[in-house]
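Right, one structure below, let's go through it.
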Amino acid sequence: MSEVLEAPGLLDRALRRVTSLWRDMADRVVGAEEQGAEAQMRACLAGRGGEVSARNRAAKLAQSYLTLDQAGRRDFLRALAGFDSDDAALSAAMAALAKAESPAARAAAKSKLRRVLETPRVKLLTQFTTIPDGVKFLVDLRAELLRVMDDDPLLQALETDLKGLLASWFDVGFLELRRIDWNSPAALLEKLVDYEAVHRIRTWRDLKNRLDSDRRCYAFFHPRMPAEPLIFVEVALVKGLAESVQRLLDPKAPVLAVTAADTAIFYSINNCQRGLDGISFGNFLIKRVVALLGNELPNVKQFATLSPIPGFSRWLQGRLAAEDAAPPLTEDEAKALREVAPPLAALPAPAEGGAATAPALIETPAQTLARILARRSWLREEAVAKALEPVLLRLCAQYLLNEASPRHPKRARDPVAHFHLSNGARVERLNWRGDTSDKGLKESAGLMVNYLYDPAKIEEYHEAYVGEGKRAAASAIRRLAKG
């Protein structure tokens, strides 16, 4: 989903985390200071000495990489990607498989082919896991790789190998779900602040409010990265569906007794590691937290989100700018817009003599809507906001339920909608003035949406969406979309 942080300087922070133990390991590699990156890689693959020597060489190679500038790192990655399968050995293995006749011979030939297909660069990548912070180093390495690889086929092949390794190492079965609260280590709380990308945490008071007794925060951790959250979700325990994120996060609001809450609102989900993009944890996280809260708090019967709609304004602006694709407005909607913002008359250039040669061209209702939305103050003008409310709610319902991803016709166009629908939620309610921050107004005209997770329907909705592209929605939302 778009509730994802792309933190800058990941590798720079990794450089600061290199321990004295790591440096000591690297210093034990004799002659390494005279070797270039490719020579160090060959030394790692040669494997001279025992396990201690192998770890020291891996530490030296990792340290060498972290000290490089951006151009040097890209050259390093290309050198690493160059350690590919041996073409001659691959051709021989394929020929042997083609000639194999008996089942035993084919099995042996396939086994040989699989070994030949294992690239030396995978062995190099795996060696980093033996050093302190080695797994985190590889996660950050992929983050850098995703940033610089562009259309380079060599780097793309390296990224495919690295993603495959990380996907197997970060299988959800290996992850630990932990609650983060005000008593968690300060270093972890600081990371929570850094990684929060949906609703920024501005002060320690703000953070304390989000970790109060009527709040919950849960994160997945990996055993090899125990101090680094992979993904976390923030939850508010409330009465009924929350409709405004500003009210939900108001530090002056009274703390609700947990026993009085009947609804758990998931209001922020953040992926913390750019290097784990494409390796999904969010669906497992939400389902685990729903089950955990259901057991811990039997009075909580409803599980929902208060989510942004990050693609709505961009989609709407694109439609309004295209005359042949502008969404039609009803007669009542157009009349209401004309009353609060009379259409502009676009006169053609006068002919010789100064007289106009054609009647005035009056802007369409869609053009009037675009002009109103271009004013930053429109939401503060009550008459204007009142006229826009039914228009934007209807168009947003259509956007969520009808608009498809350009690349995947069965997927919802909005990334957050796709995330929750694929996890088995349904579109429950649209909220006017749900997020009145500058970001909320820019991305979704201030609208937010509740996605409801019904434990009895999660699997049914998931299968219908993933298999047939059917989007579960409350009847009120469906009526709104048809309007």
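The values are calculated or read from the model by the stated rules, or taken from the named source; none is laboratory data. The structure displayed is predicted, hence computed values, not measured ones. Positions of Cβ are generated from backbone atoms using ideal geometry, with glycine treated the same way; all protein chains shown enter the neighbour counts. Side chains included, ligands, DNA and RNA excluded: accessible areas come from the protein's heavy atoms. Shrake-Rupley method; radii C 1.70, N 1.55, O 1.52, S 1.80 Å.
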(message) For the structure I just gave you, tell me whether Arg479 is closer than 30 Å to Pro342 by Cα, modelled with pLDDT of 95 or more and open to solvent by 50 Å² or more (accessible area, probe 1.4 Å).
(response) yes
(request) Grab the helices (runs of 4 or more DSSP H) fully contained in the stretch 357-449, keeping just those with 1 or more residues being within 24 Å of Phe266 (Cβ to Cβ) and among the aliphatic types (A, V, I, L, M). (result) 382-402, 415-422, 438-444
(request) Could you please give the count of residues in the stretch 172-203 that are surrounded by fewer than 12 Cβ atoms within 10 Å (Cβ to Cβ) and within 19 Å of Asn283 (Cβ to Cβ)? (result) 2
(request) May I ask you to list the residues in the stretch 55-81 that are open to solvent by 20 Å² or more (accessible area, probe 1.4 Å) and either under 11 Å from Leu124 (Cβ atoms) or aromatic (Phe, Trp, Tyr) (or both)? (result) Arg57, Ala79
(request) Within the stretch 456-473, identify whether any single residue is open to solvent by 30 Å² or more (accessible area, probe 1.4 Å), within 25 Å of Ala326 (Cα to Cα) and either among the hydrophobic types (A, V, I, L, M, F, W, C) or more than 23 Å from the chain's Cα centre (by Cα) (or both), and answer yes or no. (result) no
(message) Name the residue that is least open to solvent (accessible area, probe 1.4 Å), counting only residues in the stretch 101-114 that are under 30 Å from Leu77 (Cβ atoms) and in contact (Cβ under 8 Å) with a residue 12 or more places away in the chain.
(response) Leu113
(request) Would you please list the contacts, defined by Cβ atoms under 7 Å and residues six or more apart or on different chains, that run from a residue in the stretch 447-460 that is closer than 16 Å to Ala476 by Cα and aromatic (Phe, Trp, Tyr) to a residue that is at pLDDT 95 or above and open to solvent by less than 70 Å² (accessible area, probe 1.4 Å)? (result) Tyr451/Ala304; Tyr451/Thr305; Tyr451/Ser307; Tyr451/His420; Tyr451/Ala425; Tyr451/Arg426; Tyr451/Val427; Tyr451/Glu428
(message) Looking at the stretch 387-433 only, could you name the residues that are open to solvent by 40 Å² or more (accessible area, probe 1.4 Å) and either of a type in the set (Phe, Trp, Tyr) or on the phi > 0 side of the Ramachandran plot (or both)?
(response) Trp432, Arg433
(request) Being without any contact (Cβ under 8 Å) to a residue 40 or more places away in the chain and touching a Lys or Arg at 6+ places or on another chain (Cβ under 9 Å) is the filter; apply it to the stretch 206-234 and report the residue that is farthest from Ala264 (Cα to Cα). (result) Cys217
(request) Check every one of the helices (runs of 4 or more DSSP H) wholly within the stretch 84-134 and list those with 3 or more residues that are within 26 Å of Ser168 (Cα to Cα) and touching a Leu at 6+ places or on another chain (Cβ under 9 Å). (result) 103-117, 120-127
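Per-residue answers, yes or no, for (1) more than 37 Å from the chain's Cα centre (by Cα); (2) polar (S, T, N, Q); (3) under 22 Å from Leu276 (Cα atoms); (4) at pLDDT 85 or above:
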position: Ser2; (1), (2), (3), (4): no, yes, yes, no
position: Leu11; (1), (2), (3), (4): no, no, yes, no
position: Ser20; (1), (2), (3), (4): no, yes, no, no
position: Glu51; (1), (2), (3), (4): yes, no, no, yes
position: Lys60; (1), (2), (3), (4): no, no, no, yes
position: Ser64; (1), (2), (3), (4): no, yes, no, yes
(request) Return a yes/no flag: does the stretch 230-243 have any residue that is loosely packed, with under 13 Cβ neighbours inside 10 Å and closer than 27 Å to Leu141 by Cα. (result) no
(request) Mind listing whichever residues of the stretch 204-225 are open to solvent by less than 20 Å² (accessible area, probe 1.4 Å) and aromatic (Phe, Trp, Tyr)? (result) Tyr218, Phe220, Phe221
(request) For Leu207, state whether it is within 28 Å of Lys442 (Cβ to Cβ) and assigned to a helix (DSSP H, G or I). (result) yes
(message) When you check Ala143 against the structure, is it touching a residue at least 12 places away in the same chain (Cβ under 8 Å), assigned to a strand (DSSP E or B) and surrounded by 18 or more Cβ atoms within 10 Å (Cβ to Cβ), yes or no?
(response) no
(request) Could you run through the stretch 252-278 and say how many residues are touching a Lys or Arg at 6+ places or on another chain (Cβ under 7 Å) and open to solvent by 60 Å² or more (accessible area, probe 1.4 Å)? (result) 2
(request) Assess whether Phe83 counts as being in contact with a Pro (Cβ under 9 Å, 6 or more places away or on another chain) and among the hydrophobic types (A, V, I, L, M, F, W, C). (result) yes
